[in-house]
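Just so it is clear, none of the values below were taken in a lab; they were calculated from the coordinates. Everything numeric here is computed off the predicted structure, so don't read it as measured data. Methodologically, a virtual Cβ is constructed for each residue, glycine included, from the backbone with ideal geometry; neighbour enumeration extends over all protein chains shown.
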Amino acid sequence: MLLDAAFSAVPIHEYLTDIGCDVWTMGNRAEDPLALAYRENWICANYGDAALVQSCVKEHGFGAVIPGCTDVSMASFVQLKQQGSYWLSPETNDILNNKPLFRRLCRDLDVPAPRAVDIRSLPKSGRFICKPADSFSGRGVTIFDAADTKAVDVAVRSAMTHSPRGEIICETFIEGDLHSYTAFLNAGAVQRAFIVREGSRYNPFAVDTSHLCDDYDSRKLLALRAAIEVISAHLDLCDGLLHTQFIDSGDGVAIIEMTRRCPGDLYARLIEYSTGYHYAGEFASYFLGRRVEVPRFQRRYVLRHTIKQMGQERFFGLEIDLPGVFKIVPVVRNGEALDPKIATRVGLAFAEAADYENLRRLYAATINR
């Protein structure tokens, strides 16, 4: 059973069916791609209810359960009584996904990361960032100067508004470029990893454009790998995916967050199209106790871009001016209602450049509109 029926889980489902699994999905949106395409194997239910998931496992006799591309799916998976060949405790999952807990871990292990500060005793000056402890997609995130008391109040209110539990975190702000280091662990060590440059065209705190890096600084890469292996050893992480977002400040790296779920917005396809490597298959294989065959490296210079539209009340088609597009995946239905006041995600596009230099130019042009 795959705890996700949305578009980002399609590559995971594809791998499972390719190796001969009888795959069922769970989700409560009938319009999700895997619910539409495989209606007879779709369980209409909220996979955020771990007790319900457990009862479905017992009722149907599933041989394995695999989380999808959401934090909720992983949070339910770790509460199951039988996780099979993959083990992650709820406590460890909380440390990785709860921002204050993760900041405390980074401080205690002295790994490069922003440091949390008490909002009630801020320094008199300096730049800080305030965010919800349990939100996502850049919602409620504000950068402010501690000397501006009004800005501090606005940042706190915004973060509180967007936190389901009313919990916020304030930390030192590190200027730099956002990247992800997506790795597969084996016996606590990084066995295979990819560095991806990530940026934002629409919202500075939500990634929408990215590409695989060929020329990342080897010194910083070693420091990042060492920090990840320290965290892995401390948490006693089992083999499998560990996805990390970090800031490159120019002088070094600073780890922002980590997760063990498969990244969303078809991140798996970006790696697959860029290298030929079945990223989603590798992620899923650890839950089955098997490994995927590593293909011969086939480098393509691919850009992933999330298409968003603003000012429209209904979706009646995709608008994109990205050269080299070879794949577009709509994520809303024709005629579906949109909120005209916000930039709504309506699809994802993959474009190919002739070489790495042209890929970098395409990324810069996309980010800068």
Tell me which residues come under 5 Å, amide H to amide H, from V325 once H is placed; ignore anything under 5 positions away on its chain.
E352
Are there trypsin sites (Lys or Arg not before Pro) in the stretch 259-293 that DSSP marks as loop and that have at most 13 other Cβ atoms within 10 Å, and which are they?
R290, R291
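Rounded to the nearest 500 deg cm²/dmol, what is the calculated helix-only ellipticity per residue at 222 nm for the chain, with -39500 (n - 2.57) per DSSP H run of length n ≥ 4? Let's see the in-between values first.
Values: 11 runs with 113 residues, N = 369.
So the helix-based figure for the chain works out to -9000 deg cm²/dmol.
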Largest first and to the nearest Å, give the Cα extent of the stretch 177-367 along each principal axis.
50, 40, 33
For the stretch 255-261, just list the computed ³J(HN,Hα) in residue order, Karplus coefficients 6.51, -1.76 and 1.60, θ = phi - 60°, integers in Hz, with x standing in for Gly and Pro.
6, 8, 7, 9, 8, 9, 6
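Let me know the whole percent of all Cα-Cα pairs from the stretch 2-95 that are separated by more than 22 Å.
In whole percent, the long-distance tail amounts to 21.
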At 7 Å along Cα-to-Cβ for each site, give me the label-to-label distance between Q298 and A189 in nm.
3.0
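For the ranges 3-15, 239-251, 355-367, what's the packing order if you count other beta-carbon atoms within 10 Å of each residue, average per peptide, and put the highest first? Mind showing how you got there, number by number?
On the way: 3-15: 23.9, 239-251: 18.4, 355-367: 16.1.
Put in order of decreasing packing, that is 3-15, 239-251, 355-367.
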Label points 7 Å out from Cα along the Cβ direction at V230 and Y356: separation in nm?
2.8
Could you give the nm distance between label points at F316 and L222, where each point is 7 Å from its Cα heading toward the beta carbon?
5.9
Holding the Cα-Cα limit at 24 Å, pick out from K131/K341; K131/K327; K150/K308 the pairs that are longer than that.
K131/K327; K150/K308
Whole-Hz ³J(HN,Hα) from phi, Karplus 6.51 cos²θ - 1.76 cosθ + 1.60, for the stretch 37-46, glycine and proline x
6, 10, 4, 6, 10, 10, 9, 7, 6, 8
Summing +1 per Lys or Arg and -1 per Asp or Glu among the other residues with Cβ less than 15 Å from C44's Cβ gives -4
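Of all alpha-carbon pairs in the chain, indicate the percentage at a distance above 29 angstrom.
On the way: 29616 of 67896 pairs.
Every Cα pair in the chain considered, those over 29 Å come to 44 percent.
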Please list the non-local residues whose amide H lies under 5 Å from the amide H of I168, H modeled 1.01 Å from N, same-chain partners needing a gap of 5 or more.
A133
Mind computing the radius of gyration and Dmax over the alpha-carbon atoms of the stretch 118-189? Å is fine for both.
14.9, 49
If the only charges are +1 at each Lys and Arg Cβ and -1 at each Asp and Glu Cβ, what is the size of the charge dipole of the stretch 115-172 around the Cα centre, to the nearest 20 debye?
20
Enumerate the residues in the stretch 20-46 having an amide nitrogen under 18 Å from the point lying 7 Å beyond the Cα of Q54 toward its Cβ.
46
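Kindly state, to the nearest 0.05, the FRET efficiency for W87 paired with A337, given R0 = 35 Å and r defined as their beta-carbon distance. Could the numbers behind the result be given before it?
On the way: r = 43 Å, r/R0 = 1.22.
Efficiency at R0 = 35 Å is approximately 0.25.
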To the nearest 0.05, the calculated FRET efficiency linking I143 and S249 through their beta-carbon distance, R0 being 25 Å, is 0.95
